[in-house]
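Participant: Have a look at this one before I ask anything.
The values are calculated or read from the model by the stated rules, or taken from the named source; none is laboratory data. Computed from a predicted structure; not experimentally measured. When we count neighbours, we look across all protein chains shown, and the Cβ atoms used for this are built from the backbone with ideal geometry, even at glycine. These accessible areas exclude ligands, DNA and RNA; they are computed on the full protein's heavy atoms, side chains included. Shrake-Rupley method; radii C 1.70, N 1.55, O 1.52, S 1.80 Å.
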Amino acid sequence: EPEVTQTPSHQVTQMGQEVILRCVPISNHLYFYWYRQILGQKVEFLVSFYNNEISEKSEIFDDQFSVERPDGSNFTLKIRSTKLEDSAMYFCATLRDRGNNEQFFGPGTRLTVL
Amino acid sequence: GESVGLHLPTLSVQEGDNSIINCAYSNSASDYFIWYKQESGKGPQFIIDIRSNMDKRQGQRVTVLLNKTVKHLSLQIAATQPGDSAVYFCAENGSGAGSYQLTFGKGTKLSVIP
């Protein structure tokens, strides 16, 4: 069964450093998402991406965040200058088309900002 | 603001019994409501969804009930098994220009007692 993959599984970084989280979507999916989950809390929407541009973003997704799909396969989330409060699990999710609601989630990247 | 939330944070059920997980929502404009299962250390996994014009939908061992009058959603798991132990989130698809972002509730932890 096709699945969303994410790398790395765990990223430790110093405050102020840049991090790039990578996702490989399911090949025939068209809509891509990033969510985050702070430990013990609910999953929160960050951004949606379709047709090589951002469709929607939440208040969390400020100027420190960016997304791109540079090579047509990987879908990346960049945090330019990490803060302590960015520590969380980051999940990539993909959706095949608008005809269904089954977003497929990757296993997540645990980001720890020291 | 409007949000999706859960009545109970934890639920313990004897193996073989039926489980009922509840969710209250406030955004009456949502088109779909979805249940996700999250096992420890993994990303959310789609279980079942229901459209806002339906009041019941059945899957394999799971049933979702939607009561729009009181804005209540429930997930029923028949013959609960140890593998059902996880955190269950209800979610609604976002309103807006079809980005289909998900808004998650806080989650209910289901523990199955062997």
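Participant: If I go through the stretch A:67-114 residue by residue, how many of them are open to solvent by 50 Å² or more (accessible area, probe 1.4 Å), away from chain B (no Cβ under 14 Å) and in a strand (DSSP E or B)?
Facilitator: 2
Participant: Identify, from the list B:GLN45, B:GLN38, B:GLN101, the residue that is touching a residue at least 40 places away in the same chain (Cβ under 8 Å) and out of contact with any His (no Cβ under 6 Å at 6 or more places or on another chain).
Facilitator: Details: B:GLN45 fails: touching a residue at least 40 places away in the same chain (Cβ under 8 Å); B:GLN101 fails: touching a residue at least 40 places away in the same chain (Cβ under 8 Å).
B:GLN38 is the lone residue from the list that is touching a residue at least 40 places away in the same chain (Cβ under 8 Å) and out of contact with any His (no Cβ under 6 Å at 6 or more places or on another chain).
Participant: Which of the residues spanning the stretch A:32-57 are in contact with a Lys or Arg (Cβ under 8 Å, 6 or more places away or on another chain) and among the hydroxyl-bearing types (Ser, Thr, Tyr)?
Facilitator: A:SER48
Participant: Within the stretch A:62-77, track down each residue that is touching a residue at least 24 places away in the same chain (Cβ under 8 Å) and under 22 Å from B:THR103 (Cα atoms). Walk me through it before giving the result.
Facilitator: Looking only at the stretch A:62-77, we keep the residues that are touching a residue at least 24 places away in the same chain (Cβ under 8 Å), and these are A:67, A:69, A:73-77.
Selection gives A:VAL67, A:PHE75, A:THR76, A:LEU77.
Participant: Let me ask you something else. Looking at (1) surrounded by fewer than 15 Cβ atoms within 10 Å (Cβ to Cβ); (2) at pLDDT 95 or above, find the lone condition where B:SER19 falls short.
Facilitator: Condition not satisfied by B:SER19: (1).
Participant: Within the stretch A:27-39, restricting attention to residues that are of a type outside the set (S, T, N, Q) and not in a strand (DSSP E or B), which residue is surrounded by the fewest Cβ atoms within 10 Å (Cβ to Cβ)?
Facilitator: Among those residues, the one meeting the criterion is A:LEU39.
Participant: Here is a follow-up. Collect the residues in the stretch A:1-26 that are part of a loop (DSSP other than H, G, I, E, B), open to solvent by 80 Å² or more (accessible area, probe 1.4 Å), of a type outside the set (D, E, K, R) and under 28 Å from B:VAL87 (Cα atoms), keeping them in residue-number order. First the steps, then the outcome.
Facilitator: Within the stretch A:1-26, the first condition is being part of a loop (DSSP other than H, G, I, E, B), and the residues that meet it are A:1-4, A:8-9, A:14-18, A:25-26.
Next, from what is left, pick out any that are open to solvent by 80 Å² or more (accessible area, probe 1.4 Å): A:1-3, A:9, A:14-15, A:17-18.
When the remaining residues are screened for being of a type outside the set (D, E, K, R), the result is A:2, A:9, A:14-15, A:17.
A:PRO2, A:SER9, listed by residue number.
Participant: I need every pair where a residue in the stretch B:20-32 that is part of a strand (DSSP E or B) has its Cβ under 8 Å from the Cβ of a residue that is of a type in the set (Lys, Arg), sequence separation at least 6 or different chains.
Facilitator: Cβ pairs passing all conditions: B:ALA24/B:LYS71; B:TYR25/B:LYS71; B:TYR32/B:ARG51.
Participant: Another question, then. Would it be correct to say that B:SER85 is free of Cβ contacts under 8 Å to residues at least 24 places away in the same chain and of a type in the set (Gly, Ala, Ser)?
Facilitator: no
Participant: Let me ask something else about it. With the condition being of a type in the set (A, V, I, L, M), I'd like the strands (runs of 3 or more DSSP E) fully within the stretch B:35-114 carrying at least 2 qualifying residues.
Facilitator: Output list reads B:45-51, B:62-67, B:72-77, B:86-93, B:108-113.
Participant: Let me ask another. State yes or no: is A:LEU46 more than 10 Å from chain B (Cβ to nearest Cβ), touching a Ser or Thr at 6+ places or on another chain (Cβ under 7 Å) and part of a strand (DSSP E or B)?
Facilitator: no
Participant: For the stretch B:55-65, enumerate the residues that are in contact (Cβ under 8 Å) with a residue 12 or more places away in the chain and open to solvent by 70 Å² or more (accessible area, probe 1.4 Å).
Facilitator: Answer for the stretch B:55-65, where residues must be in contact (Cβ under 8 Å) with a residue 12 or more places away in the chain and open to solvent by 70 Å² or more (accessible area, probe 1.4 Å): B:ASP55, B:ARG61.
Participant: Quick one: in the stretch B:37-47, which of the residues that are open to solvent by less than 40 Å² (accessible area, probe 1.4 Å) and modelled with pLDDT under 95 is farthest from A:GLY108 (Cα to Cα)? If you could, list the steps in order and put the result at the bottom.
Facilitator: Just the residues of the stretch B:37-47 that are open to solvent by less than 40 Å² (accessible area, probe 1.4 Å), to begin with: B:37-38, B:43-44.
From what is left, the residues that are modelled with pLDDT under 95 are B:38, B:43-44.
On the way: B:GLN38: 12, B:GLY43: 6, B:PRO44: 9 Å.
Among those residues, the one meeting the criterion is B:GLN38.
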